[in-house]
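Heads up, the thing below is written out as structure tokens.
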Amino acid sequence: MNTLYWLVTITDRRSTDAFLALYAEFGVTVSLRTVGSGTAVQETLSTLGLEKTEKAVLFAMITADTWLRLQKGLRRKLQIDVPGTGIAFIVPVSSIGGKRALQFLTEHQTFTVEEESTLKDTRYELLLVIANQGHTGSIMDAARAEGAGGGTVIHAKGTGMEGAEKFLGVSLASEKELVLIVVKHADKNNVMTAIMQEAGLETKAKAIVFSLPVTGTAGLRLQDLNEENT
């Protein structure tokens, strides 16, 4: 079974090109990149001989088979196990909205569509919506109409968009928004469908949506109580 994962990489901004080049070697297309800052205290930085730097955060879709090979490349070519080099981790993907979006996100990787994966006792799912900048309103309106609560927006730059026209029939803008929405597992399909209908590839938003399983939550107790009382 070749499972799909959402690959997250955090590294020094100066190392971005090296990571992008390595990922390209393994057929991994980085969909989004944004910036962040490290939180290590000054004493720790001094001990490691490091300076406080801006971080690059890279997002990509990856198959289980590709991840096994990529791990070796990260260790051998980029020495990722050396403190201060960066980290990379994967999160299982439970579903992707639309065949064209799946083909685009897994371009250059061998993946066969199988049954939707679900972790046991998963009550919530995290929806990730990648859209052209400026369309958060229509995305959230569609999500709320199907029972979703609020969302969080991360501004990022789209990369590896060469395959967009091939698979999606559109030219995607480089300025992107990544919208994170936590929804009940039972509402996931309806919310994803609503987003695709109102802000999908046939609209100016050109949104792609997929979901990640959530295995634990805090801060959603009121929603849980409301569900139990209905």
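Bear in mind these aren't lab numbers, they're just calculated from the coordinates by the rules spelled out. As the structure is a prediction and not an experimental result, all values here were calculated from the model. Here Cβ is always computed from backbone atoms with ideal geometry, including for glycine, and neighbour counts include all displayed protein chains.
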Set Lys157/Lys206; Lys99/Lys206; Lys55/Lys157; Lys176/Lys204; Lys157/Lys188; Lys99/Lys157 screened for pairs whose C-alpha atoms are more than 19 Å apart: Lys157/Lys188; Lys99/Lys157
Pairwise FRET efficiency - Phe26 versus Thr217, Cβ, R0 = 30 Å, nearest 0.05: 0.35
